[in-house]
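*Asks:* Okay, handing you the structure first.
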Amino acid sequence: MHTIQKAMKALAAVFCLAALGISLLAATDSIEAFGQKWTVQSASDWAVAPNLLQLKVSAEPPAGQPRRPTKFALLESKPYTKVTIEGEIKRNARSVIFVYAWQDDSHYNYAHISSDNAVAQNVHNGMFHIFGGERARISPLDGPASLPSQDWTPVKVVFDGTSGHCYVEVNGKRNPSLDAVDLSLRWGRVGMGSFNETGDFRNIRITGETREPGPVGLQ
């Protein structure tokens, strides 16, 4: 009887974490950057300095699982219904990503900001949607590459869950490739990292409106 009670308590704890939108699989450590805490797979993958966060270790999505990013720092906060992320980015290879509307490991969106042109690489330089499976592009292929150089570059990500609209400004300019509407994920947490490369982020500021977690995919 005692063993059954312990098992029931453990199961209840799992459901509680899931309801709060806390990752049970991908994220196991916590780091502090930009005056806030972030959940990551492994703290040793990252370097933190004043107003600077660097992803030092790249990783491919696990073999045999849906192809979607896993190497990002997820802000430990309530879900955002509206959010603006501002700062500077520097790619070490081709790209970095910003995650938004994250509800759990299998349900989130992300902006892939890349040196590639979307017409040439349609899984790069665009907005992407994860809903239980593979990534799916949800933005046009129009527009130039967003990060032609490896210099520090100003960036702003703006998400409005009321309309489902999210767009990215890079170096003060908007790009059709980084502009999308998704009505299935209208709120969620935010993060930053890379799909399968490394990159640097500095002077990141996050402002917006939050809400309590709820069932995945529902308002």
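Nothing in this text is a laboratory measurement; each read-out follows from the coordinates by a stated rule. Note that this is a predicted model, so its numbers are computed, not measured. Using ideal geometry, Cβ is built from the backbone for each residue, glycine included, and neighbour counts are taken over all protein chains shown.
*Asks:* Exceeding 23 Å between C-alpha atoms, which entries from my cross-link table qualify? They are Lys37/Lys173; Lys37/Lys78; Lys82/Lys173.
*Replies:* Lys37/Lys173
*Asks:* Moving to a separate point now. Mind checking the dipole of the chain: about its Cα centre, +1 per Lys or Arg Cβ, -1 per Asp or Glu Cβ, Debye to the nearest 20?
*Replies:* 240 debye
*Asks:* Where does helix 2-19 land angle-wise versus the long Cα axis of the chain, in degrees 0 to 90, nearest 10?
*Replies:* 30 degrees
*Asks:* Sticking with this one: Just need the relative contact order of the chain here, percent rounded to a whole number, with Cα pairs under 8 Å and 6+ apart.
*Replies:* Over the chain, the number comes to 27 percent.
*Asks:* Here is a follow-up. Where the centroid of each part is defined by its Cα atoms, how far is the range 76-98 from the range 110-129 in Å?
*Replies:* Each part's Cα centre sits 15 Å from the other's.
*Asks:* Quickly estimate the mean residue ellipticity at 222 nm for the chain, helices only: each DSSP H run with n ≥ 4 gives -39500 (n - 2.57), and the total goes over all residues, rounded to 500.
*Replies:* -3000 deg cm²/dmol
*Asks:* Taking the structure as given and computing Rg/Rh (Cα atoms, Kirkwood Rh), which label from (i) 0.94; (ii) 0.98; (iii) 1.17 fits?
*Replies:* Answer by label: (ii).
*Asks:* Taking +1 at the Cβ of each Lys and Arg and -1 at the Cβ of each Asp and Glu, which of Ala33, Asn175, Gln103 sits farthest along the dipole of the chain towards its positive end, judged by Cα position relative to the Cα centre?
*Replies:* Gln103
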